[in-house]
Structure formats: structure tokens, C-alpha cells
Amino acid sequence: MIVVIGGGASGLMAAISAAKLGAKVTILEKMNKPGKKILASGNGKCNYTNINTNINNYHGKDKKFIESIINNFNVNSTIEFFKQIGVYPKIDSEGRVYPFSLQASSVVDNLLYECKKHNVNIVCNAKVTNIKKKNNLYEVYYNDTKIKANSLIVSVGGKSSSKLGSDGSLFNTIKSLNHNFSPMYPAIVQLKLKGNFKEVKGVRVRGEVTLYDEKKLIAKEKGEQLFTDYGISGISVMNLSGYVHSLKKPILKLDFFPNFSLNELISLLLSRKKNMPHKTFKESFIGLLNSKLIHLIFKLSNIKDKKYSNVSIDEIKKISKILKESTFDIVGTKDFENSQVTAGGLLTSEINSKTLESKINKNLYFCGEVLDVYGDCGGYNLQWAWSSGYIAGKSAGGKYAKNK
């Protein structure tokens with residue numbers, strides 16, 4: 001008997017992989033139905049992988065560990081697996097892969113059909129409260145019930161999105177099995193900035209964001225940004241958020257014109273001055289910037305509005321610099337409930353990178369977000385779930401097949 005704790009993406013994949021090898025598998029899912037986080041992914045469309053996946057899309061202490069798992073069950077393997085169970089891929093211009101139906105329910109439903117095909121027993125509303133290791137068996141306690149397992153696969157997720165099932169409630173139990181966790185923080189989450197941004201709330205821009213620890217460059221991303229009343233959001237920003245908690249003085253710089261060099265931007269503003277000398281400096285930006293952003297830019301530059309004809313070259317250079325490097329102090333991130341994934345987690349140094357079996361406890365496996373691994377936004381986290389779930393299930397099921 002193999003017991004899988006957690007019926008999310010990695011847990012469902014692990015159960016299917018093990019059951020395909022003939023193992024008897026039971027999933028214990030604490031929510032009223034499996035795959036709730038999958039249903040919420042990709043705005044309900046489920047971006048289930050990305051054809052551009054590589055190790056640079058992943059974060060964690062041991063990149064070689066991550067790479068070993070991703071290479072063992074890669075993007076092509078994932079796409080082929082889902083094709084075989086009924087999910088045909090639809091790939092967008094940025095490499096994100098969706099079900100052709102553009103419905104996340106297509107992914108979950110077909111995974112459940114596959115579980116049914118291989119006789120996987122799924123118990124919902126099963127809140128696991130304790131795990132005990134006795135001799136060569138694991139005793140798993142949930143509700144008022146105990147189930148014994150020859151092999152145990154733990155796929156309980158991180159601490160993000162507790163309403164969808166991931167709340168970290170089993171972490172202390174995992175620690176009692178002599179496993180350790182690195183510090184955990186919200187990742188792929190919105191950033192809180194110093195200042196008041198109510199006047200630009202809801203404004204979207206496409207630019208480049210760069211994260212610094214004071215003057216040290218940490219990372220940069222291009223894409224869309226969304227201003228909020230507390231700071232800033234958007235995929236490019238959220239991809240940087242996992243670094244923030246480890247920085248002493250996190251600073252965000254935003255380039256509103258990434259396709260222009262500083263000199264090209266200066267030339268553009270000078271040409272607009274020539275064409276519109278009758279306008280004020282602020283008025284000249286209408287048609288170039290979102291109208292709500294114009295006030296913010298002038299506030300950051302400390303330049304007073306006046307006739308464009310009276311604006312000096314130094315003032316044009318100064319505001320061009322602001323447009324290329326608007327600087328904001330980061331005061332934190334939103335909490336776990338707002339985050340898509342968890343940075344940090346179970347130490348991968350305690351896990352076999354080929355099988356995902358514990359190095360401490362025989363026949364104990366881990367997969368998915370519970371491990372100290374997370375990916376960028378864009379299908380990379382689900383790819384990690386499929387890859388790690390497949391490896392854990394195959395490894396556990398392989399032992400069953402050999403002993404049968």
C-alpha cells in the first residue's frame with residue numbers, strides 16, 4: 001500500500017505513476033475535492049507547463065537537485081503525458097502551455113479519470129494530523145482513522161493559498177520524522193513600496209523592473225507591471241518577490257521606456273518640445289504616458305510644471321533619467337495568502353535527487369512545493385509538480401512492482 005498525502009498536482013501525478021506500476025494507492029486530500037489549486041491556476045485556464053522551461057526558471061538552494069528532477073521528466077514528457085490522458089496542448093506566443101479547451105477543469109478531470117482507470121482510492125476531507133513510523137510501516141492518522149502504508153509520499157504543498165489546501169499544518173509532523181526546513185517566505189507575490197500609490201492604483205505599464213540590494217544588482221524582469229494602492233504587482237514584479245526577504249535594503253527600479261536608451265529618450269523629449277512649445281511640461285506627456293502616471297513622475301523628479309518652451313535641457317535629462325530609473329524602496333511583500341508559491345521548504349540535501357526518497361527514512365518520499373524549490377510564474381511551478389510527482393510515484397511504485 002502506498003499512501004499519498006495531498007491531492008494537488010504533484011500528489012495526483014505521484015499516485016498515477018505509482019498505480020501504473022501495479023501499486024495499490026490511496027490519496028488523502030484534506031479539501032472536499034482534489035486539485036483545487038490547479039483549478040485556480042492560469043486564471044482558471046491552467047498554464048500547466050512552458051516550452052521554454054530551463055533551470056534558470058527555478059529557485060532553491062540546490063540547482064543541481066532541481067535540474068536532475070526536471071530533466072528526468074521534462075516538458076516534452078509532460079505534454080505527451082497529458083495528450084495521452086486527453087488534454088491537447090494550446091501554446092501561446094510566450095511558450096505557456098494550456099489545455100486546448102482553456103479550462104483548468106479539463107486538466108483536473110482527466111487526472112481524476114486516470115486515477116479511476118488505475119484504481120487509485122481518493123479520500124477527501126481527510127485532514128492528516130500525525131504520522132508515525134513503526135518498524136517498516138508508516139501509520140497515518142486522519143480524522144478519527146488510521147491507515148498503514150508500506151511507502152508514504154508527502155505532497156502537502158507549501159504555506160501559500162491556505163484556502164486551496166496549502167497551509168503548512170503538517171510541517172511539525174514532518175519535522176518529527178527528523179527532517180528540516182529552510183526559512184519559508186511568500187513568493188510570486190505583490191510588493192509593498194514605501195509611499196502612497198492610490199493615485200496610480202490600477203495603472204498598467206509594460207516596462208523593465210530591476211531589483212537591488214542597496215546598490216547590488218539582484219535580478220531584472222521585463223513585462224507588465226500593475227500599480228496598486230500599497231505598491232506594485234504584475235508577473236515581472238512577482239517573479240522578483242522571492243528574493244526580497246533575504247535582502248538588507250531591497251530597492252526596485254522601474255524603466256518605463258525599456259526600448260529606448262537614455263539618449264534616445266532625451267532626443268524624443270527634445271523633439272516634443274520643438275513641436276509643442278505652447279504646452280506645459282506636464283501636458284506634453286499626454287499621449288506618451290498614462291495620464292495618472294504623469295503626476296507621479298513629476299513628484300519623483302521634483303520638477304515644477306511650466307511652459308515647455310521654458311524647460312531646460314538639464315530638466316529634460318533629469319526627467320528622462322527618472323523615466324528610465326524610477327526608484328522605490330521595498331518595505332515587504334503581501335502575505336502567504338496572496339502568494340502563488342512558497343520560497344524555502346524541506347531541505348533537498350535530505351532527499352535523494354534521483355528518487356525523491358528521504359535519505360533519513362526509508363520508503364518516505366516528498367514531491368511538489370513542500371520541497372525547497374519554486375519556479376517563476378508561467379507554468380514552471382506546475383512543471384515542477386508533474387516532474388517531482390512522477391519521479392516520487394515511479395520510485396515508490398517501482399519498489400512495489402519489484403516486490404510483487
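Yes or no, residue by residue, for (1) among the polar types (S, T, N, Q); (2) touching a residue at least 60 places away in the same chain (Cβ under 8 Å):
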| position | (1), (2) |
| --- | --- |
| Lys201 | no, no |
| Met238 | no, yes |
| His245 | no, yes |
| Ile251 | no, yes |
| Ser261 | yes, no |
| Leu268 | no, no |
Every listed condition ((1) surrounded by 13 or more Cβ atoms within 10 Å (Cβ to Cβ); (2) free of Cβ contacts under 8 Å to residues at least 24 places away in the same chain) holds for Lys216 save (1)
Could we say that Gly231 is farther than 21 Å from Asn47 by Cα and small (Gly, Ala, Ser) here? yes
Taking the stretch 85-118 only, how many residues are open to solvent by 30 Å² or more (accessible area, probe 1.4 Å) and at positive phi? 2
Identity of the residue in the stretch 165-204, part of a loop (DSSP other than H, G, I, E, B) and charged (D, E, K, R), that ends up least open to solvent (accessible area, probe 1.4 Å): Asp167
Among the residues of the stretch 320-340, is there at least one that is of a type in the set (A, V, I, L, M), open to solvent by 70 Å² or more (accessible area, probe 1.4 Å) and not in a strand (DSSP E or B)? no
Output the qualifying pairs, or none if there are none: Cβ atoms under 8 angstrom, residues six or more apart or on different chains, first residue in the stretch 297-326 and within 23 Å of Lys194 (Cβ to Cβ), second residue surrounded by 13 or more Cβ atoms within 10 Å (Cβ to Cβ) and small (Gly, Ala, Ser). Ile297/Ser326; Leu300/Ser326; Lys318/Ser301; Ile319/Ser301; Ile322/Ser301
Can you tell which of Ser151, Ser161 is closer than 29 Å to Tyr58 by Cα, under 28 Å from the mean Cα position of the chain (by Cα) and either open to solvent by less than 80 Å² (accessible area, probe 1.4 Å) or without any contact (Cβ under 8 Å) to a residue 24 or more places away in the chain (or both)? Ser161
Assuming Ile360 fulfils every condition listed in (1) assigned to a loop (DSSP other than H, G, I, E, B); (2) among the aliphatic types (A, V, I, L, M); (3) open to solvent by less than 30 Å² (accessible area, probe 1.4 Å) apart from one, which condition is it? (3)
Might you let me know whether the stretch 103-117 holds any residue that is over 21 Å from the mean Cα position of the chain (by Cα), in contact (Cβ under 8 Å) with a residue 40 or more places away in the chain and more than 22 Å from Gly35 (Cα to Cα)? no
So which residues in the stretch 41-69 are open to solvent by less than 60 Å² (accessible area, probe 1.4 Å) and part of a helix (DSSP H, G or I), if there are any at all? Ser41, Gly42, Gly44, Ile55, Asn57, Phe65, Ile66, Ser68, Ile69
From Glu315, Glu337, Glu325, residue being more than 26 Å from the chain's Cα centre (by Cα), closer than 19 Å to Val237 by Cβ and among the charged types (D, E, K, R): Glu325
Given the conditions (1) surrounded by fewer than 24 Cβ atoms within 10 Å (Cβ to Cβ); (2) of a type in the set (S, T, N, Q); (3) touching a strand residue (DSSP E or B) at 6+ places or on another chain (Cβ under 9 Å); (4) modelled with pLDDT of 95 or more, every one holds for Ser353 apart from (3)
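The values are calculated or read from the model by the stated rules, or taken from the named source; none is laboratory data. None of the values given here were measured: they were computed from a predicted structure. Virtual Cβ from ideal backbone geometry, glycine too; neighbours counted across all protein chains shown. For the accessible areas, the whole protein counts, side chains as well, though only heavy atoms, and no ligand, DNA or RNA atoms are used. Shrake-Rupley method; radii C 1.70, N 1.55, O 1.52, S 1.80 Å.
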